[in-house]
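Chemist: Once you've had a glance at the structure underneath, I'll fire off some questions.
The values are calculated or read from the model by the stated rules, or taken from the named source; none is laboratory data. Keep in mind the model is a prediction, meaning the values are calculated, not measured. Positions of Cβ are generated from backbone atoms using ideal geometry, with glycine treated the same way; all protein chains shown enter the neighbour counts.
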Amino acid sequence: QVQLVESGGGLVQAGGSLRLSCAASGNIFSINNMAWYRQAPGNQREWVGNIITGGSANYAEIVKGRFTISRDNAKNTIYLQMNSLKPEDTAVYYCKGVYRGTIIWGQGTQVTVSS
């Protein structure tokens, strides 16, 4: 059973930075379509970006240029580096992957950006 565990959330002032981690309990090469999502109170969960096995990443327009997704295959971990944070980035951030055709989610980590 593969599990994803996020960490690194917290409270930061606008303009600051945070780095989130998503650690897989198994080998991330066995997990496809790894991605970050977020959900603010009262809103639907939205896609932030994804990273493929080769390391290429794609981003939502609202975070492009500010957020960077990377992966460390040796540590079975993907990261979300968030810079120039804005109050509207406040949300619970989730890691998602597909393992043997099954979508798996982490438990989420709270990011709060104060103005």
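Chemist: Restricting the first residue to the range 1-19 and requiring it to be part of a loop (DSSP other than H, G, I, E, B) and surrounded by 13 or more Cβ atoms within 10 Å (Cβ to Cβ), which pairs with a second residue that is modelled with pLDDT under 95 and charged (D, E, K, R) meet a Cβ separation below 7 Å and a spacing of at least six or different chains?
Modeler: Pairs that qualify, where the first residue is part of a loop (DSSP other than H, G, I, E, B) and surrounded by 13 or more Cβ atoms within 10 Å (Cβ to Cβ) and the partner is modelled with pLDDT under 95 and charged (D, E, K, R): there are none.
Chemist: Out of curiosity, is residue 15 on the phi > 0 side of the Ramachandran plot and within 12 Å of the chain's Cα centre (by Cα)?
Modeler: When the stated conditions are applied, residue 15 does not pass them.
Chemist: Something else now. Report every pair of residues separated by at least 6 positions or lying on different chains whose Cβ atoms are under 7 Å apart, first residue within the range 50-67 and surrounded by fewer than 18 Cβ atoms within 10 Å (Cβ to Cβ), second assigned to a loop (DSSP other than H, G, I, E, B).
Modeler: 66/83; 66/84
Chemist: Can you tell me which residue is farthest from residue 88 (Cα to Cα) among those in the range 20-65 that are in contact with a Gly (Cβ under 8 Å, 6 or more places away or on another chain) and not in a strand (DSSP E or B)?
Modeler: Looking at the filtered set, the residue picked out is 28.
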